[in-house]
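Nothing in this text is a laboratory measurement; each read-out follows from the coordinates by a stated rule. For clarity, every value in this text was computed on a predicted model and none was experimentally measured. Counting neighbours? That spans all protein chains shown, and the Cβs are built from the backbone with ideal geometry, glycine included.
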């Protein structure tokens, strides 16, 4: 649900079991509309494990450690 906030930008580093990083910044990478609609109408409980396993990169904004460092250094 945090990925829907305009003032938060969120990624998950693909290390260990996933490390979420949140920073206060305009969210330039909101969830795609289909997922946003589903979450707003049904809440997080509307998602199933198959949704996450099939679309983990999109839902989590999954990045390699190198990509995370580049993201953190970007303006």
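Quick notes
- Test: residue 22 is in contact (Cβ under 8 Å) with a residue 60 or more places away in the chain, part of a strand (DSSP E or B) and touching a strand residue (DSSP E or B) at 6+ places or on another chain (Cβ under 7 Å): no
- Checking each residue in the range 1-31 for being over 21 Å from residue 69 (Cβ atoms), touching a helix residue (DSSP H, G or I) at 6+ places or on another chain (Cβ under 7 Å) and surrounded by 11 or more Cβ atoms within 10 Å (Cβ to Cβ) picks out 4, 30, 31.
- If only residues of the range 44-75 that are without any contact (Cβ under 8 Å) to a residue 40 or more places away in the chain and not in a helix (DSSP H, G or I) are counted, the one that is surrounded by the fewest Cβ atoms within 10 Å (Cβ to Cβ) is 75.
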